[in-house]
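Inspection log for the structure reproduced underneath, given as structure tokens.
Laboratory data are not the source of any read-out in this text; all were calculated from the coordinates shown. Note that this is a predicted model, so its numbers are computed, not measured. Glycine also receives a Cβ, built like all others from the backbone with ideal geometry; neighbour counts cover every protein chain displayed.
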């Protein structure tokens, strides 16, 4: 059974499909899942550390909107600013990326219509992952933090690309 804190953001139809997949070996699957992708007229895609699983369940436009309602606690208007930024951050630090047709006014996105996909990016703690980088971020002699920017392409661990600006 799928039992991590994202379950409340899925309508019953999607929850049931996810639950079927997560019934076996639940703990290992939940530990390694990174994304849940929902796209109109496409199957659900689960992205794990090293692979993807495509579920045999296509998502309808209605299910995308129903899921967005769940995410916004039935108040999409109150999340309008986040939606215009292209994602909504929910409890636990998880982010849901949103794609659709943007309405632009004065070079700024003011709305997203015809939402066509939702991408749940699952946040998780990876203990010790930054230990090698601390010497580049912390100035222990001056009890200070260096101005730091960490960047890398999507899906690449950030500790492989590191630059300090002084």
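Determine, for 10, 22, the number of other Cβ atoms within 10 Å of each Cβ, and report the residues in order from fewest to most.
Result, fewest neighbours first: 22, 10.
Using just the Cα positions, wrap the stretch 98-137 in a convex hull and report its mean projected area in square nanometres, one decimal place.
Working: hull surface 21.3 nm².
So the Cα hull casts an average projection of 5.3 nm².
How do 66, 127 rank when sorted from fewest to most other Cβ atoms within 10 Å of their own Cβ? It would help to have the intermediate numbers written out before the result.
Details: 66 16, 127 6.
So the residues, fewest neighbours to most, are 127, 66.
Where does each of 113-120, 70-77 land if you order them by average Cβ count within 10 Å, highest first? Walk me through the intermediate numbers first.
On the way: 113-120: 17.1, 70-77: 13.5.
Per-residue Cβ counts within 10 Å, averaged per peptide and sorted highest first, yield 113-120, 70-77.
On a full-extension model of 0.36 nm per residue, what is the gain between residue 106 and residue 58, subtracting their alpha-carbon distance, rounded to one decimal in nm?
Contour length minus Cα-Cα distance gives 13.6 nm.
Given the options 109, 40, 137, which has the most mean-square fluctuation in a GNM of the chain, springs set between C-alpha atoms less than 10 angstrom apart?
137
Eigenvalues of the Cα gyration tensor times 5, then square-rooted: what semi-axes does that give for the stretch 49-139, in whole angstrom, largest first?
Working: eigenvalues 181, 83, 33 Å².
The answer is 30, 20, 13 Å, longest axis first.
As a test, work out the antiparallel percent of DSSP beta bridges whose residues both lie in the stretch 7-121, rounded to the nearest 5.
Numbers: 26 of 27 bridges.
So the antiparallel bridges amount to about 95 percent of the total.
Report, in degrees rounded to the nearest 10, the 0 to 90 angle that the Cα long axis of helix 61-71 makes with the longest principal axis of the chain.
That helix lies at roughly 50 degrees to the long axis.
What spacing in nm lies between the two simple spin-label points modelled at residue 73 and residue 32, each 7 Å away from Cα in the Cβ direction?
3.5
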